[in-house]
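The values are calculated or read from the model by the stated rules, or taken from the named source; none is laboratory data. Remember, predicted model here, so these are calculated numbers, not experimental data. Counting neighbours? That spans all protein chains shown, and the Cβs are built from the backbone with ideal geometry, glycine included. What goes into the accessible areas is simple: the full protein's heavy atoms, side chains included, and nothing from ligands, DNA or RNA. Shrake-Rupley method; radii C 1.70, N 1.55, O 1.52, S 1.80 Å.
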Amino acid sequence: MKKTILITGASSGIGKATANLFNKKGWNVSATMRNPDTVNDLNETSSLKKIKLDVQNKESIIRAVELTQQSFGQIHVVLNNAGYGAVGPFEAATDLQIKRQFEVNLFGLMDVTKAVIPHFKKNNYGLFINVTSLGGLMTFPIFSIYHASKFAVEGFTEALQYELNPFGIEFKLIEPGAVATDFATRSLEMFNTEEYPDYDIILQKTQDFFSNSKVSSSPEQVAEIIFNAATDDSKQLRYIVGEDAKQIAEYRAKLPYEDFRNMIKGQVLGTNFEI
Ligand SMILES: NC(=O)c1ccc[n+]([C@@H]2O[C@H](COP(=O)([O-])OP(=O)(O)OC[C@H]3O[C@@H](n4cnc5c(N)ncnc54)[C@H](OP(=O)(O)O)[C@@H]3O)[C@@H](O)[C@H]2O)c1
């Protein structure tokens with residue numbers, strides 16, 4: 001029997017690469033996105049449907065799940081991938097910017113999960129794959145709101161697997177380091193720091209750190225790991241993706257927390273950095 005995956009944020013980057021890969025591997029793909037009409041480089045076939053889904057709109061989530069079932073029947077895997085980064089000094093973030101980050105990265109993911117749980121429970125079978133980030137395991141300056149949303153998804157997922165595994169529902173977390181998508185250009189919302197010039201040097205140093213860091217993975221490589229996670233029949237929860245992420249995660253696991261924090265501070269801001 002052909003299996004079916006529903007993907008959020010399939011219009012670009014990791015979501016689109018994953019839609020293409022699963023379809024190539026013979027799966028039915030419900031490629032959900034906010035604006036299907038504007039995405040011309042993902043072709044619809046009998047086994048790939050572009051379906052409208054905005055994770056900030058519950059009705060569109062419920063409708064997309066219904067349409068997926070109408071097109072393909074049973075849903076086997078949901079890839080919660082939609083997300084963006086609200087970035088800048090926390091003090092400069094507006095309430096709206098903070099709330100929207102959580103509405104998309106966390107509450108939207110929760111709403112998609114809630115909409116599919118009854119279907120998975122009925123089938124006593126289903127897998128949620130949640131895309132977080134290396135930034136769901138450790139932090140950098142300037143990204144506090146994004147990190148908070150991804151740490152939240154990590155905690156949510158880890159707790160939920162205890163309560164839904166008994167119903168035949170499994171969970172996986174995909175934690176990429178830097179991926180060569182358009183995330184940095186199309187999916188970063190920078191806070192207005194005009195009134196906070198005292199953060200300029202921290203912003204500059206953090207931007208320099210990321211500009212000088214190597215991008216480790218392509219979206220296609222992340223898609224391969226997602227396919228592996230969907231099909232390896234293992235109970236493995238976390239999949240760290242990319243050499244950059246693996247190296248930092250290893251330091252995080254091995255070093256005492258103070259030493260790890262000093263290492264990140266030294267690398268990004270300089271060891272004795274003060275204002
Ligand atoms: N790129 C990286 O370095 C990196 C590293 C670690 C983790 N990640 C995570 O990977 C995921 C995918 O990012 P990407 O790198 O592939 O970037 P991307 O190409 O910019 O993709 C982001 C996707 O999220 C969608 N999205 C944003 N808001 C949405 C909403 N309200 N409802 C539905 N979809 C929405 C976007 O849709 P529109 O086309 O409608 O904007 C787009 O399809 C994100 O969760 C991101 O946090 C990325």
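So here's what we get for this one:
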quantity: Simple Cβ-charge dipole of segment 44-191, Lys/Arg +1 and Asp/Glu -1, about Cα centre, in debye nearest 20; calculated: 420
quantity: Per residue accessible area in Å² of segment 76-234, where ligands, DNA and RNA are left out and the probe is 1.4 Å; calculated: 46
quantity: Pairwise FRET efficiency - SER187 versus ALA159, Cβ, R0 = 30 Å, nearest 0.05; calculated: 0.65
quantity: Lys pairs, segment 1-153 - Cα-Cα below 17 angstrom, 8 or more residues apart or on other chains; calculated: 21
quantity: Nearest-20 debye value, segment 164-263 charge dipole, Cβ charges on Lys, Arg, Asp, Glu; calculated: 400
quantity: Model label zone, ASN272; criterion: amide N under 20 Å from point 7 Å along Cα-to-beta-carbon; scope segment 187-204; calculated: 201-202
quantity: Over the chain: helical MRE at 222 nm, DSSP H runs n ≥ 4 each giving -39500 (n - 2.57), nearest 500; calculated: -14000 deg cm²/dmol
quantity: Selection from ILE226, LEU237, PRO256, by position along the positive dipole direction of segment 216-266 (Cβ); calculated: PRO256
quantity: Longest segment of the chain lacking chymotrypsin sites (Phe, Trp or Tyr not before Pro) that sit in a DSSP loop with at most 16 other Cβ atoms within 10 Å; calculated: 126-272
quantity: Listed residues ALA115, TYR84, LEU67: farthest to the positive end of the dipole of segment 46-115 (Cβ charges); calculated: LEU67
quantity: Simple Cβ-charge dipole of the chain, Lys/Arg +1 and Asp/Glu -1, about Cα centre, in debye nearest 20; calculated: 1180
quantity: Amide H within-cut-off set for LEU48, under 5 Å, with H built and near neighbours excluded; calculated: VAL29
quantity: Those lysines that a straight Cα-Cα span of less than 17 Å connects to LYS235, excepting residues fewer than 8 apart in one chain; calculated: LYS172
quantity: Per-residue SASA entry for THR94, accessible area with 1.4 Å probe, Å² rounded to 10; calculated: 70
quantity: Long-range HN-HN contacts of VAL78 with modeled amide H, under 5 Å; calculated: LEU6, LEU127, PHE128, ILE129
quantity: 0 to 90° range, to nearest 10: angle between helix 219-231 axis and the chain longest Cα axis; calculated: 50
